[in-house]
Amino acid sequence: MRAKLRYRCQDCGALQPKWMGQCPDCNAWNSLVEETAAPAAKAAGGNRFAGYAGTGSIQKLDEVDLAEAPRISSGLSELDRVMGGGITGGSVTLIGGDPGIGKSTLLIQTLAYLGNIPALYVSGEESAQQISMRASRLGLQAGHIELYTETCVENIIATILDKRPRVVVIDSIQTLFTEQLQSAPGSVAQVRDSAAQLVRMAKQHHISLFVVGHVTKEGALAGPRVLEHMVDTVLYFEGDPDGRYRVLRAVKNRFGAVNELGIFAMTETGLKAVSNPSAIFLSRHDEPVSGSVVMVSREGTRPLLVEVQALVTDTHASQPRRVTVGLEHNRLAMLLAVIQRHGGLTMHDQDVFINVVGGVKVAETGADLPVVLSALSSFRDRVLPPRMITFGEIGLAGEIRPVAYGEERLKEAAKHGFRHAVIPAANAPKKKIGGMEVMAVKRIQDIIDLDFF
Ligand code: TYD
Ligand code: MG
């Protein structure tokens, strides 16, 4: 029997018996989402989200059994790394990313590696033939993987409880539907309810679950953000679609560090872990060009050398354009304002484009100095010295602020043959590192006064 449906406003939480375009309580538009009136899990205390990790009894913290179940290796060292050291029993991992980036391949490879650990691949997206053809095209030893093409959550759960696999892949959550709700697969209510049922099952029966989720144009996981709260680990698979490398980023992890990066090379035979990735994103120019600088960023626990490029050119529109790829857009506007106010250089009649080469995303503030250097280099059409690196944060008062792990970044750059560094004065090492010439800067004016500008 179908449970009674009702509609909850996602903004104010008010309940309505019917769907409406506008919430009568808070006047938000298009915020009503259907849900079932009867709590699905009476046994779990009436709260349908309860019972995720519960034992049902009260314990003292120091009496909790800490003996951690051994983690299962995924066979890809970089995937193990972002997950915090392998797959944890009963963990739920959400993997997001653009279509075609390699999510299905990554998971098929993992299951292929697991060998005799019972695993199940549930596909709502591709047919068994498609998956099998891809596996054989990539030359994977995947004959033992159990495939199940199904989109009804209730059937999937029944099959899992019958077969008892230890690892389950759901590809993808947007294709699933639960019989409890009437809305179409992929809708907010369907995605959330399907995921909640799967997560509850994984926790109760100690099954490691991977859930693939699609990413919208805005870059968020499609469907509700609430998915991210329900799962233990959220991984984003990113990279330049035409490029050779892929980056897997942990944005949430209950079993390891966040912001850890795993780096893979995409090959004819599937994904290969890149264990020493620090310089793979550097492009090699034959001749030095203006507007390009190498930044040493530190993503996760490793330094990474990336090229930041700028193009500053006369604007022909009434509004100058500010475009960033791989960096936060607002940060660029802020930096241009700081250059204007504290450096006396105005770019209000210039379009400014900034690009991080290789499809990498840099989220840390250490990118400020690279952005300013590359923009000035392009603006004045001056080539920066070859073999130069930079990193550093810029404050609103025009001061250059230090970033964490300065020494480690310099060492990594020296290892790759870099000889000059423009860095915050507070990051300047007391002793010379690897013969590196350090130009320490304190204020925005110090940058503009550098010899090469
Ligand atoms: P796929 O895993 O299907 O992407 P997603 O599930 O994220 O949409 O990968 C897309 C295609 O790229 C697929 O035809 C296989 C191919 N591919 C390779 O040839 N080598 C690789 O290393 C990867 C990751 C994918
Ligand atoms: Mg896929």
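The values are calculated or read from the model by the stated rules, or taken from the named source; none is laboratory data. In this text the structure is predicted, and so the values were computed from the model without any measurement. Glycine also receives a Cβ, built like all others from the backbone with ideal geometry; neighbour counts cover every protein chain displayed. Heavy atoms of the whole protein, side chains included, go into the accessibility calculation; ligands, DNA and RNA do not. Shrake-Rupley method; radii C 1.70, N 1.55, O 1.52, S 1.80 Å.
Around Trp19, under 10 Å between beta carbons, what's the net of Lys plus Arg minus Asp minus Glu among the other residues?
Once all neighbours under 10 Å are counted, the net charge is +1.
Considering only Met388, Met20, Leu79, whose Cα is most displaced toward the positive end of the charge dipole of the chain, charges sitting on Cβ of Lys, Arg (+1) and Asp, Glu (-1)?
Ranked along the dipole, the leading option is Leu79.
Step through the residues of the stretch 107-122 one at a time and calculate ³J(HN,Hα) from phi using the Karplus curve (6.51 cos²θ - 1.76 cosθ + 1.60, θ = phi - 60°), rounding each to whole Hz and writing x for Gly and Pro.
My calculation for the stretch 107-122 gives 6, 4, 4, 4, 5, 4, 6, 4, x, 8, 6, x, 9, 9, 10, 9 Hz in order.
For the chain, give the magnitude of the charge dipole about the Cα centre (Cβ charges: +1 Lys/Arg, -1 Asp/Glu; no others), in debye to the nearest 20.
Value, rounded to 20: 620 debye.
How compact is the stretch 72-275 by the rule of thumb for globular proteins, expressed as Cα Rg over 2.2 N^0.38 Å?
0.94
Average the reciprocal distances over every distinct pair of alpha-carbons in the stretch 280-448, invert the result, and give the Kirkwood radius in Å.
For the stretch 280-448, the Kirkwood estimate is 15.8 Å.
Taking every DSSP beta bridge that has both residues in the stretch 338-453, what percent is antiparallel when rounded to the nearest 5?
The answer is about 25 percent antiparallel.
Take the chain, compute every pairwise Cα distance, and split them into 20 Å bins from 0; I just need the percent in each bin.
22, 45, 30, 3
Residues of the chain: accessible area per residue at 1.4 Å, in Å²?
Result: 47 Å² of accessible area for each residue.
From the C-alpha coordinates alone, can you work out the Kirkwood hydrodynamic radius of the stretch 79-130, in Å?
Value: 12.7 Å, from the Cα pair sum.
Once the Cα atoms of helix 128-137 and of the chain are each reduced to a long axis, what angle between those two axes, in degrees from 0 to 90 to the nearest 10, is obtained?
So the helix axis and the longest Cα principal axis differ by about 40 degrees.
For Lys442 and Arg382, compute 0.36 nm times the residue count separating them, minus their Cα-Cα distance, and round to one decimal in nm.
Gain in length upon complete extension: 19.4 nm.
Quick one: helix 329-343 against the long Cα principal axis of the chain, what's the angle to the nearest 10°, folded into 0 to 90?
20 degrees
Have a look at the DSSP beta bridges in the stretch 46-199 and tell me what percent are antiparallel, nearest 5.
So the antiparallel bridges in the stretch 46-199 amount to around 10 percent.
Which lysines have a Cα lying under 24 Å from the Cα of Lys431, excluding residues fewer than 8 positions away in the same chain?
Lys411, Lys415, Lys442
Can you work out the FRET efficiency for the pair Val323 and Glu179, with r the C-beta to C-beta distance and R0 = 51 Å, to the nearest 0.05?
0.65
Tell me the carbon and sulfur percent of the accessible area for the chain, rounded to whole percent, probe radius 1.4 Å.
51 percent
Work out, step by step, the length gained on full extension between Glu364 and Trp29: first 0.36 nm times the residue separation, then minus their alpha carbon distance; give nm to one decimal.
117.1 nm is the gain from fully extending Glu364 to Trp29.
Taking the stretch 258-324, which GluC sites (Glu not before Pro) meet the DSSP loop condition and have no more than 16 other C-beta atoms within 10 Å?
When the GluC sites (Glu not before Pro) of the stretch 258-324 are filtered for loop state and at most 16 Cβ neighbours within 10 Å, Glu268 remain.
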